[in-house]
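The values are calculated or read from the model by the stated rules, or taken from the named source; none is laboratory data. Everything quoted here is computed from the prediction, not taken from an experiment. All Cβ positions, glycine included, derive from the backbone under ideal geometry; neighbour counts span all protein chains shown. We work out accessible area using only protein heavy atoms, side chains counted, and drop any ligands, DNA or RNA first. Shrake-Rupley method; radii C 1.70, N 1.55, O 1.52, S 1.80 Å.
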Amino acid sequence: MPEPIEVRKVAIESVTDASGLAELIDSGVIEADRVLAVIGKTEGNGGVNDYTRILADRAFREVLVARGTRTPEEVAQVPLVWSGGTDGVLSPHATIFATVDPSRAEPSDEPRVSVGVAMSDVILPEDIGRPAMVEKVAAGVREAMKIAGIEDPADVHYVQTKTPLLTLATITEAKSRGQEVVIEDTGPSMDISNSTTALGIAVALGEIETPAADQIHKDLSLYSSVASCSSGVELDRAQIVVVGNVRGIGGRYRIGHSVMKDALDADGIWEAIRSSGIDLPDRPHPSDLGGKLVNVFMKCEADPSGRVRGRRNIMLDDSDVHWHRQIKATVGGVAASVTGDPAVFVSVAAVHQGPSGGGPVAAIADLG
């Protein structure tokens, strides 16, 4: 049986601020050596050259090394998944997942959060956007499920990944080996890496059959309802964090999920919160949450039709502000209006993650 999980959200008050993590450790809420994963938002541009992710990564890992017994090499294996870009009201923050001693956890036979982390095989530059990447991610997700003690894919409610994207250096390296990459424009490679990863998650969970090469990043009818995929320059394989529920594990936390059908679908967020075990009235208000909501995690995408609920928008035509930033700010505002808290995890580039123009939503509740 896997160990119970503690989940805490902390603010990030500057680019290199990891004081929230340090305080949790110093106060005995969690132990540095028991931290399994961190999922957070940083304040950079969210693009290929968003180095705030690297700065946050370094700051959090330094705390884990300084306050624990793991070596820097061991801490380097802990998945720290950073999504850059806190447009609009979104606030930089991190959600920390750690195991706790079973003797300290509240016993429960109800479904409670379990977490499995895994690393895929190395994803080569030429794998990105192609079936080889789908297969490598799917294998990693299955391994993470085993670690979490989750047998039924229906008990998986959130899969967060971080995968490599293409840079000039990796494109050049692939060419030196006689390989061709799927695209030589580094910016769009972020979206393609995310979408390919999402299909790997969907395959592992039995949501879809293995897609053909020409369906990747094209057939929008294929998606996972629990995938949340980010990519960056700081790694060469998929970091995979599977979060689901296991009965008998104990602890206070439960996770649920749903999907937003479009960028304004606040009901989809509320449904994910209900799925996490929080009782809500028919027409809920943030005050109904009673301090039980730890965080929500969601992906978003500008609708390729250029319309939301029949009304035209110009996100995909705007040459001044990239649509990544516009849709992130939009969905972030909708999410914050639901939770009453701007520190919510909203990430962009959601092809194959939830329905086209919408996206998946996961919610974690503290039921203790």
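For the chain, DSSP calls about 75 percent of its internal beta bridges antiparallel.
Projected label points at ALA66 and ARG34, each 7 Å from Cα along the beta carbon direction, are separated by 2.2 nanometres. In the chain, once you exclude exposed trypsin sites (Lys or Arg not before Pro) (DSSP loop, at most 14 other Cβ within 10 angstrom), what's the longest stretch remaining? The answer is 1-176. 3J(HN,Hα) along the stretch 221-233, derived from phi through the Karplus expression 6.51 cos²θ - 1.76 cosθ + 1.60 where θ = phi - 60°, amounts to 6, 9, 7, 9, 8, 10, 7, 9, 10, 10, 9, x, 8 Hz, with x in place of Gly and Pro.
A simple rule links phi to the HN-Hα coupling: the Karplus curve 6.51 cos²θ - 1.76 cosθ + 1.60 with θ = phi - 60°, which for the stretch 235-252 gives 7, 10, 8, 7, 8, 10, 10, 9, 10, x, 10, 10, 7, x, 6, x, x, 9 Hz, with x for Gly and Pro. The modelled label-to-label distance between ALA11 and HIS285, using points 7 Å beyond Cα along the C-beta direction, is 2.5 nm.
Potential lengthening of the chain between ARG309 and GLN77 amounts to 79.2 nm, from the contour at 0.36 nm per residue minus the alpha-carbon distance.
With a simple spin-label model that places each label point 7 Å from the Cα along the Cα-to-Cβ direction, the separation between ASP318 and THR172 comes to 3.4 nm. Leaving out ligands, DNA and RNA, what percent of the accessible area of the stretch 107-159 is carbon and sulfur, probe 1.4 Å? Answer for the stretch 107-159: carbon and sulfur cover 50 percent of the accessible area.
Carbon-plus-sulfur accessible fraction, the stretch 249-368 (probe radius 1.4 Å, protein heavy atoms only): 44%.
Calculated on the alpha-carbon coordinates, the convex hull of the chain measures out at 129 cubic angstrom per residue. Helical runs (DSSP H, four residues minimum) scored at -39500 (n - 2.57) apiece and divided by the length of the chain put the mean residue ellipticity at 222 nm at -8500 deg cm²/dmol.
For the chain, the per residue solvent-accessible surface stands at 40 Å², with DNA, RNA and ligands left out and a 1.4 Å probe.
Each residue of the stretch 90-96 in turn: what ³J(HN,Hα) in whole Hz from Karplus with 6.51, -1.76, 1.60 and θ = phi - 60°, glycine and Pro shown as x? Residue by residue, the stretch 90-96 yields 4, 10, x, 6, 9, 10, 10 Hz.
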